[in-house]
Amino acid sequence: MKGLQGLVIAIVLGLAAAALNWFYLVRQSQQVERVAFIGVRSDQYVERGERLRNEHLVAIQIPRNAVGNLRDFAVPDAARATVLGQAVSRPLHGGSLLLQADLDTPPPKLSLGQNERIMWIPVDSRSYVPSLITPGDMVTFKVARMAPTPAGGPASPETARPAAPPGPVERIGPFKVLSVGNRLGSAEVMQAAKIPQMQENVLGISITPEVEARADRLWAMVQASDFRSVGIEKHGEQK
């Protein structure tokens, strides 16, 4: 009988200790300093290009010792007033963090470095996807050498022959892209800012002393082709 009483007392003391330990942990967790970041409410969805409203947002509390480098990417809740009314550059689903990159805006103007110029090259917009080219990408141009014009002057309508096919293709590059028509940043940011894309068939490329000779060759080839179809090849990211 005494053994049973001792077992009951031990169980009760164990449960009491567990309860006290749980209350202690809860109290300690409430005392941990936290940092609030902006998130999207679970019942909200923000379309790309839509402007943020207060009802879209919620503060997400994170323990300070677990923040790490999150502050380099997420938007603190203390800055909520500065983001209201801004358009987002990607769709935001409920429960996601608002990132600084979501609020990117197009560059206000073209910025050239020292000893850098820009040259515009007409390309065939049917032969590439403009939205996949972003300023900063490296591209190579493909220009078809035009067959020489037969001697003997212009032919009459009766003796006219079909135009000679273009000659072999020459690749000239690489060049850094500075603009795609009037776009100076990514297509997503442009759409989010509701700025219409224009002249996608003209690429602005960076000209520096190092690429000047090949730029002159490219321009001569484009002129020789009478500004006809020019293709482009996008390079992979350099490691």
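The values are calculated or read from the model by the stated rules, or taken from the named source; none is laboratory data. Computed from a predicted structure; not experimentally measured. So basically every Cβ, Gly included, is an ideal-geometry build from the backbone, and we count neighbours across all protein chains shown. Note: accessible area is taken over every heavy atom of the protein model, side chains too, but ligands, DNA and RNA are not part of it. Shrake-Rupley method; radii C 1.70, N 1.55, O 1.52, S 1.80 Å.
For the reader, a short list of remarks on this structure follows.
- Filtered residues of the range 48-84 (kept if at pLDDT 85 or above and of a type in the set (Asp, Glu)): GLU55, ASP72, ASP77
- Enumeration of residues in the range 71-101 that are open to solvent by 40 Å² or more (accessible area, probe 1.4 Å), assigned to a helix (DSSP H, G or I) and farther than 15 Å from ARG41 by Cα: ARG71, ASP72, ALA78, ALA81, THR82, GLN100, ALA101
- Contacts under 8 angstrom Cβ, first residue in the range 85-102 being modelled with pLDDT of 85 or more, partner open to solvent by 60 Å² or more (accessible area, probe 1.4 Å) and of a type in the set (Gly, Ala, Ser), 6 or more apart: GLY94/SER42; GLY95/SER42
- Residue check, VAL189 under 30 Å from GLN86 (Cα atoms) and either open to solvent by 30 Å² or more (accessible area, probe 1.4 Å) or in contact with a strand residue (DSSP E or B) (Cβ under 7 Å, 6 or more places away or on another chain) (or both): no
- Filter pass, ILE118 being part of a strand (DSSP E or B), more than 23 Å from the chain's Cα centre (by Cα) and modelled with pLDDT of 80 or more: no
- Only residues that are at pLDDT 80 or above and either acidic (Asp, Glu) or assigned to a strand (DSSP E or B) (or both) were counted across the range 172-194, and they come to 10.
- When the range 54-68 is limited to residues that are outside any strand (DSSP E or B) and in contact with a strand residue (DSSP E or B) (Cβ under 6 Å, 6 or more places away or on another chain), the one that is surrounded by the fewest Cβ atoms within 10 Å (Cβ to Cβ) turns out to be ARG64.
- Inspection of the range 158-171 identifies at least one residue that is modelled with pLDDT of 80 or more, among the charged types (D, E, K, R) and assigned to a strand (DSSP E or B).
- Under the condition of being touching a residue at least 60 places away in the same chain (Cβ under 8 Å), open to solvent by less than 70 Å² (accessible area, probe 1.4 Å) and outside any loop (DSSP other than H, G, I, E, B), the residues counted in the range 196-223 number 10.
- Within the range 224-239, tally of residues that are open to solvent by less than 60 Å² (accessible area, probe 1.4 Å) and in a loop (DSSP other than H, G, I, E, B): 3
- Residues that are open to solvent by less than 40 Å² (accessible area, probe 1.4 Å) and within 19 Å of GLY136 (Cβ to Cβ) within the range 102-112 comprise just one, PRO106.
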